[in-house]
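Please read through the structure below; I'll follow up with questions.
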Amino acid sequence: MINQRPILYSFRRCPYAMRARLGLLYAQITCELREVTLRNKPQEMIALSPKATVPVLQLASGQVIDESYDIIKWAMTQNDPADWESSITQSDSDELVAENDGPFKSALDHYKYSARFPDHPPEYYRAQGEVFLKKLDQRLQDSLYLLGDSQTIADISIFPFIRQFAHVDRDWFFTAPYPHLQKWLQQFLDGVSFKAVMTKYAPWKPEDIIIYFPDLNQGHHSSLGAP
Ligand SMILES: N[C@@H](CCC(=O)N[C@@H](CS)C(=O)NCC(=O)O)C(=O)O
């Protein structure tokens, strides 16, 4: 059956799913949201995307997009209220996001779950992640956001991962020598959009009533970082 609205399989705490939700919110694309438990993924989701990672978006046409960054890019093609498309060089965003999803994410996982990687102390893995933090902080020294003075796809794609990194040891992060990055992160954490994408939902069951995301009862957010 073809659905009228896209269906988003999501997991609240997953940074990739968070990034996709921020993109869908930005583009004001209302989806049916199906909250997933990673240990018990719905067969409906696995049937659409056998690699079985969240997020997965099924479009009304039946097309499936199962990479978070691709979900945001697709959302931007549907509706781009702040004209992100023309304000950025796509390759700059792609490059930063690739570094985020590659070496930085690996350092983040080793730092966050350092007990599983006893070859080195957590500080060792943290220092690996700091290579990216330094790079971002330098960019933010010269502009309010990662690719200039307006928020773009790069900011929303990277923010959830910096948040996770910061949360491993908040005292360390917020006193580390990355003042511009701290300010950038704090602005996202305080923003209405972050709250809007972090609503809690019970795991989806086929018989449940439909949950719409973004929540149709909430206002529109033109600026994702604004408090
Ligand atoms: N490259 C994928 C990565 C998605 C991903 O790895 N999501 C994690 C959750 S944060 C996941 O679903 N892992 C599968 C599992 O834990 O079973 C994307 O950008 O969408």
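The values are calculated or read from the model by the stated rules, or taken from the named source; none is laboratory data. Since we're looking at a predicted model, the values are computed, not measured. Note: ideal-geometry Cβ built from the backbone for every residue, glycine included; neighbour counts use all protein chains shown. Heavy atoms of the whole protein, side chains included, go into the accessibility calculation; ligands, DNA and RNA do not. Shrake-Rupley method; radii C 1.70, N 1.55, O 1.52, S 1.80 Å.
Give me the pairs: first residue in the range 11-25 and modelled with pLDDT under 95, second residue open to solvent by 40 Å² or more (accessible area, probe 1.4 Å) and within 11 Å of the ligand (Cβ to nearest atom), beta-carbon distance under 8 Å, and six or more apart or on different chains, which are they?
none
When you look at residue 164, is it touching a residue at least 60 places away in the same chain (Cβ under 8 Å) and open to solvent by 10 Å² or more (accessible area, probe 1.4 Å), yes or no?
Numbers: touching a residue at least 60 places away in the same chain (Cβ under 8 Å): yes; open to solvent by 10 Å² or more (accessible area, probe 1.4 Å): yes.
The answer is yes for residue 164.
Kindly list, by first and then second residue, each pair from a residue in the range 174-192 that is closer than 11 Å to residue 144 by Cα to a residue that is of a type in the set (Val, Ile, Thr) and open to solvent by less than 10 Å² (accessible area, probe 1.4 Å), limited to pairs with Cβ atoms under 9 Å and residues at least 6 apart or on different chains.
181/162; 184/162
If you check residue 106 against the conditions, is it open to solvent by 50 Å² or more (accessible area, probe 1.4 Å) and more than 16 Å from the ligand (Cβ to nearest atom)? Reasoning before the result, please.
Details: open to solvent by 50 Å² or more (accessible area, probe 1.4 Å): yes; more than 16 Å from the ligand (Cβ to nearest atom): no.
It is false that residue 106 is open to solvent by 50 Å² or more (accessible area, probe 1.4 Å) and more than 16 Å from the ligand (Cβ to nearest atom).
Could you please let me know if residue 81 is without any contact (Cβ under 8 Å) to a residue 40 or more places away in the chain and open to solvent by 60 Å² or more (accessible area, probe 1.4 Å)? Before the answer, list the steps.
Working: without any contact (Cβ under 8 Å) to a residue 40 or more places away in the chain: no; open to solvent by 60 Å² or more (accessible area, probe 1.4 Å): yes.
No.
Search the range 38-54 for residues that are in contact (Cβ under 8 Å) with a residue 12 or more places away in the chain and of a type in the set (A, V, I, L, M) and pair each with any residue that is open to solvent by 80 Å² or more (accessible area, probe 1.4 Å) and part of a loop (DSSP other than H, G, I, E, B) when their beta-carbon atoms are under 8 Å apart and the residues are at least 6 apart or on different chains.
That search, which allows pairs on different chains as well, returns 54/38.
Moving on to the next point. Which members of the range 170-192 meet the condition of being open to solvent by 60 Å² or more (accessible area, probe 1.4 Å) and among the aromatic types (Phe, Trp, Tyr)?
Passing the criteria: only 174.
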